[in-house]
Amino acid sequence: MIMETPQQNRCGEHCSIIETAAKILSEYPLCDRCLGRVFAKKGIELSNEERGRAIKTLLAMKLYADYTSEIIDAEYIGKIASNTGDPVTRLYRKITDREISVNPCYICLHRVSSDYIDEIARRVAVKLSELNASSFIIGVKLDSEVVKKELDVHVLAGLESSESLKNELKREIGKRVTQLTNIPPDFDKPDVVVIVDVNKDFDYSIQTQVNPILLKAIYFKRGRRISHVPWFTSNGSRKYPESIQDFIRDSIARLFDARDIKIHAAGREDVDARMLGSGRPLVIEVKEPGFRNVDLDLLNYILDDQFIKVSVIGAATRRDIESIKEGSRKRRKIYRVAVLTEKPVSEGDLEKLSSFFKERSVKQRTPTRILRRKKDRERIKRVYRIEVISISSRVFEALIYCDGGLYVKELVHCDNGRTTPCFSEILGTPAYPLELDVLYIEKTWDK
């Protein structure tokens, strides 16, 4: 048995590349770059343009050898030359003393060149500078006709060693942008996503998507009649003068040169309730920021007002938004509520109330006050304990440690039997919540 030497093995692979190239170029005209992509996984430290040029050079040498051996004729070389260009056109001219025209590249029409990539990259660089971006990623959208043509060629060659034009453009434009701007690409959380949209004639447009800044924060609401987001009546007027979202937007939108500010919070307290103690976790979403590097201490200084305070901790992710929303109903909370009773209650009555609501399950239907905007359903929440302090014969203060999602006002007044058991029921007299504060929310952000 005769064994092939390593040199013969390598020659076999090289010959296979040249034979495949000849087969492709007998069917489709290709520029150096588009031919090189067909063999992108063959060899290292070569650009597709260099690879394609090298293959064409080797092909020209093989064609000349076959021609001098009378295996092929000048007509065949002319067919390949019209689809290949230099150096096969020079070979054809030498052996026939005739010129031959070169067909435009089947895939890119000879438009994709270093100059083409440089032109796109320079326009992208200008846009990134205008947006004050510190990171970016390039996306490319190719016309479907271009994609189909590329697939025609790659299927003929076999797909195992090829690279797509889309991938090459993303890589080469991205590299050139970094050279021009010193801005690094970020494949996970880029400041700006740049989309280069290329049509079938290889004209292009550039769109940018400015990713938002997400900030992890905690807010405290020291005043009442402050809504979570702006609340408007049916005639378009404001129902409440201030909201958490308005306060944050009005305070910091200009710092970021942002189009808008949106907040995502772990639930929300009633408009007339204060948020004290541990504060409520939220994520601030800064939309389309023109400036991204704002000092954290400056943010926290600006976001500390008489009635609202927001403490920004650091960067957040989309997963953080999902996490606080998913967990808002599961976090235990402590409320403080001032209660007025219709009839006087004794210390014994309050001790009875405190004793009753130890590890007590409470059934609640959707409160009457929000039935217009929430589906009527029953939920079961747990009150773990309450502590009661008498203020006068008809006023007392209760600290309520309970599940998240418990409607505390309804726990006090029963909501016409929609919440049971409740304070009014146990005390034997109607009870009304006067003021409500949230003092503690379990598992806020790790600081």
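The values are calculated or read from the model by the stated rules, or taken from the named source; none is laboratory data. Nothing here was measured: the structure is a model prediction, and the numbers come from that model. As a convention, Cβ positions derive from the backbone with ideal geometry for all residues, glycine included, and neighbour counts pool all protein chains shown.
Considering the conditions (1) at pLDDT 95 or above; (2) assigned to a strand (DSSP E or B); (3) over 30 Å from Ala315 (Cα atoms); (4) within 43 Å of the chain's Cα centre (by Cα), Arg379 is excluded by exactly one of them, (1). Has segment 11-19 got at least one residue that is at pLDDT 95 or above and either under 18 Å from Leu151 (Cα atoms) or exposed (fewer than 14 other Cβ atoms within 10 Å of the Cβ) (or both)? No, because not a single residue in segment 11-19 is at pLDDT 95 or above and either under 18 Å from Leu151 (Cα atoms) or exposed (fewer than 14 other Cβ atoms within 10 Å of the Cβ) (or both). In this structure, Lys358 does not satisfy being closer than 17 Å to Tyr335 by Cα, of a type outside the set (Asp, Glu), surrounded by 18 or more Cβ atoms within 10 Å (Cβ to Cβ) and not assigned by TED's automatic domain parsing to the domain that holds Arg268.
Among the residues of segment 325-332, is there at least one that is buried (at least 20 other Cβ atoms within 10 Å of the Cβ) and either at pLDDT below 95 or touching a strand residue (DSSP E or B) at 6+ places or on another chain (Cβ under 6 Å) (or both)? So that I can check it myself, show each step before the final result.
Filtering segment 325-332 for residues buried (at least 20 other Cβ atoms within 10 Å of the Cβ) gives none.
No.
Does segment 74-81 contain at least one residue that is more than 28 Å from Leu169 (Cβ to Cβ), surrounded by fewer than 16 Cβ atoms within 10 Å (Cβ to Cβ), of a type in the set (Gly, Ala, Ser) and at pLDDT below 95? Among the residues of segment 74-81, at least one is more than 28 Å from Leu169 (Cβ to Cβ), surrounded by fewer than 16 Cβ atoms within 10 Å (Cβ to Cβ), of a type in the set (Gly, Ala, Ser) and at pLDDT below 95, which makes the answer yes. Of the residues examined, Glu359 is not one that is free of Cβ contacts under 8 Å to residues at least 40 places away in the same chain and under 25 Å from the mean Cα position of the chain (by Cα).
Here the helices (runs of 4 or more DSSP H) wholly within segment 32-91 that include at least 2 residues being under 23 Å from Ile107 (Cβ atoms), under 43 Å from the mean Cα position of the chain (by Cα) and not assigned by TED's automatic domain parsing to the domain that holds Leu165 are 32-38, 48-68.
Answer yes or no as to whether Ile313 is surrounded by 13 or more Cβ atoms within 10 Å (Cβ to Cβ) and in a strand (DSSP E or B). Yes.
The one condition from (1) buried (at least 16 other Cβ atoms within 10 Å of the Cβ); (2) hydrophobic (A, V, I, L, M, F, W, C); (3) touching a residue at least 60 places away in the same chain (Cβ under 8 Å); (4) not in a loop (DSSP other than H, G, I, E, B) that Leu434 does not meet is (1).
Kindly establish whether Leu296 is without any contact (Cβ under 8 Å) to a residue 24 or more places away in the chain and more than 30 Å from Leu214 (Cβ to Cβ). The answer is no for Leu296. Taking the conditions exactly as written (under 24 Å from Gln209 (Cα atoms), surrounded by 21 or more Cβ atoms within 10 Å (Cβ to Cβ), in contact (Cβ under 8 Å) with a residue 40 or more places away in the chain and not polar (S, T, N, Q)), does Ile248 satisfy them or not? Yes; evaluated as a whole, the condition is true for this residue. Restricting the search to helices (runs of 4 or more DSSP H) fully inside segment 113-181 and requiring at least 2 residues that are farther than 16 Å from Tyr204 by Cβ and within 29 Å of the chain's Cα centre (by Cα) gives 114-130, 165-181. Looking at segment 189-206, is at least one residue more than 30 Å from Arg51 (Cβ to Cβ), buried (at least 19 other Cβ atoms within 10 Å of the Cβ), among the basic types (Lys, Arg) and touching a residue at least 40 places away in the same chain (Cβ under 8 Å)? No: zero hits.
Looking at Gly428, is it surrounded by fewer than 17 Cβ atoms within 10 Å (Cβ to Cβ), of a type outside the set (D, E, K, R) and within 46 Å of the chain's Cα centre (by Cα)? Against the criterion (surrounded by fewer than 17 Cβ atoms within 10 Å (Cβ to Cβ), of a type outside the set (D, E, K, R) and within 46 Å of the chain's Cα centre (by Cα)), Gly428 does not qualify. For segment 297-310, a residue qualifies if it is touching a strand residue (DSSP E or B) at 6+ places or on another chain (Cβ under 8 Å) and assigned to a loop (DSSP other than H, G, I, E, B), and the qualifying residues are Leu303, Phe307.
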